[in-house]
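First up is the structure itself, then whatever we jot down about it.
The values are calculated or read from the model by the stated rules, or taken from the named source; none is laboratory data. Note that this is a predicted model, so its numbers are computed, not measured. No Cβ is skipped: glycine too gets one built from the backbone with ideal geometry, and neighbour counts run over all protein chains shown. For the accessible areas, the whole protein counts, side chains as well, though only heavy atoms, and no ligand, DNA or RNA atoms are used. Shrake-Rupley method; radii C 1.70, N 1.55, O 1.52, S 1.80 Å.
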Amino acid sequence: APSDFDPRSWAVSKWYQYRILNRRERCPFRAEWSWHISLPLQVAEMQQAAKHLVGVHDFASFQASGCGAAHATRLVTALEVNAEGEEVVIDCRGTAFVRHQVRIMVGTLVEVGLGQRDAVSLPATLEACDRSAAGRTAPALGLWLMEAFMGEGPREHSIHD
């Protein structure tokens, strides 16, 4: 890599995956790698809700306190929720994310999956630009950075910052 290489400023997009073990019993082999939720999740409702978070939005409602970003406008290019056996897997791709954005989106989608929030409420959650409008922050242990896609130099400042 060039001597001026900086992975944060050269990344043009990232792919995160969040894994939820969705079964009654815990699994000691997955305890450190996924979030265990014993109540059944309604994956179809989560899929419907996820569609509202794709695109360019102000994600202030999904931004943790202490975030140093100049603004919360970000581009989420894909947000997919799928059942894979006993797991619910959430794949999120975007150009950049504010602090804890993916984990807060997952926590909000889990509330939808548990019937605690309507899938159609997500546009209003975005519009509120208020952290208290979104769901809880999902634990870090289920979040994985799968890939960072690099450009050929530092990217320009825009919705990526």
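In a shell of Cβ-Cβ distance under 11 Å around Trp33, excluding Trp33 itself, what net charge do Lys and Arg (+1) and Asp and Glu (-1) give?
0
Given 25 °C and 0.890 mPa s, compute D for segment 56-97 with the Stokes-Einstein relation, Rh being the Kirkwood radius over Cα pairs; round to the nearest whole µm²/s.
206
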> Hey, quick one: spin label on Thr77, modelled 7 Å out along Cα-Cβ, who in segment 45-68 has an amide N within reach, i.e. under 17 Å?
Replying inline: 53-57
>> Between helix 101-113 and the chain, what is the angle of the helix's C-alpha long axis to the longest principal axis, kept within 0 to 90° and rounded to the nearest 10?
In response: 20
> Rounded to the nearest 500, what is the chain's calculated 222 nm mean residue ellipticity when only DSSP H runs of at least 4 contribute -39500 (n - 2.57) each, over all residues?
Replying inline: -5500 deg cm²/dmol
> Gain in length, Ser38 to Asp118, computed as 0.36 nm per residue apart minus the alpha-carbon separation, to one decimal in nm?
Replying inline: 26.8 nm
>> If you consider only alpha-carbon coordinates, what radius of gyration and Dmax does the chain have, in Å?
In response: 16.0, 50
> Say each of Ser65 and Arg26 gets a label point 7 Å from the Cα, pointing the same way as Cα to Cβ; how far apart are those two points in nm?
Replying inline: 2.9
> Rounded to the nearest whole Å², what accessible area per residue is found for segment 5-161 with the 1.4 Å probe?
Replying inline: 52
> Taking only the alpha-carbon atoms of segment 75-142, what semi-axes of the equivalent ellipsoid follow from 5 times the gyration tensor eigenvalues under a square root, in whole Å, largest first?
Replying inline: 18, 16, 12
> Carbon and sulfur: what percent of segment 1-153's accessible surface (1.4 Å probe)?
Replying inline: 51
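All other residues with a Cβ under 12 Å from the Cβ of Arg117 taken together, and with Lys, Arg as +1 and Asp, Glu as -1, what is their net charge?
Values: positive: Arg136; negative: Glu45, Glu111, Asp118.
Charge balance in the 12 Å sphere: -2.
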